[in-house]
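Right, one structure below, let's go through it.
The values are calculated or read from the model by the stated rules, or taken from the named source; none is laboratory data. This is a predicted model, so every value here is computed, not measured. All Cβ positions, glycine included, derive from the backbone under ideal geometry; neighbour counts span all protein chains shown. Surface areas here come from the heavy atoms of the whole protein model, side chains and all, with no ligands, DNA or RNA. Shrake-Rupley method; radii C 1.70, N 1.55, O 1.52, S 1.80 Å.
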Amino acid sequence: QSFKLLGFLDVKNVPCARESVLYGSLGSLVVGLGHFLATSRVRRSCDIAVGGFICTMLGYWFYCRYNLAQQRIRQRMLKEGMKNRILFEGSYLDPEKVQTGSERSDS
């Protein structure tokens with residue numbers, strides 16, 4: 001079952017959305033409760049809690065998406081490397097093949 005936040009953010013299918021909302025709500029609780037315990041001002045603490053939610057959610061969103069992009073780049077490089085390994089294995093272009101002196105002079 002899918003859950004849409006604000007009508008457009010599909011939390012189930014969008015990478016990092018679920019974790020961002022969960023960490024944002026936890027950050028909101030911590031910041032709002034901490035501000036309330038320090039000042040005993042309810043309305044101002046709620047405002048601070050909303051700001052804490054937004055900052056924490058966006059901060060974790062960018063952090064998670066950056067790591068996801070790095071992971072996809074590493075996967076793409078690994079996939080291409082494996083393809084090249086299979087393609088060049090056993091040929092004179094194979095970097096792991098030990099070349100003798102006569103083979104080096106031919107190439």
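If you stretched the chain out fully between ARG65 and VAL14, how much longer would it get, using 0.36 nm times the residue separation minus the C-alpha to C-alpha distance? Walk me through the numbers on the way to the answer.
On the way: separation 51, 0.36 × 51 = 18.36 nm, distance 1.05 nm.
Gain on extension, ARG65 to VAL14, equals 17.3 nm.
Using a Förster radius of 22 Å, what is the FRET efficiency between ARG76 and LYS97 based on their Cβ-Cβ separation? Nearest 0.05, please. Walk me through the numbers before you get to the answer.
Working: r = 26 Å, r/R0 = 1.17.
My answer for the efficiency is 0.30.
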Within region 14-86, DSSP-loop trypsin sites (Lys or Arg not before Pro) with at most 10 other C-beta atoms within 10 Å are none
For region 15-86, the percent of all C-alpha pairs falling in each 10 Å bin, from 0 up to the bin holding the max distance, is 21, 29, 20, 14, 9, 5, 1
A correct Karplus calculation of ³J(HN,Hα) over region 63-76, with 6.51 cos²θ - 1.76 cosθ + 1.60, θ = phi - 60°, whole Hz and x for Gly and Pro, returns 4, 5, 5, 4, 5, 5, 5, 4, 5, 5, 5, 5, 5, 5
Measure of exposure for PHE53: accessible area at 1.4 Å probe, Å² rounded to 10, is 60 Å²
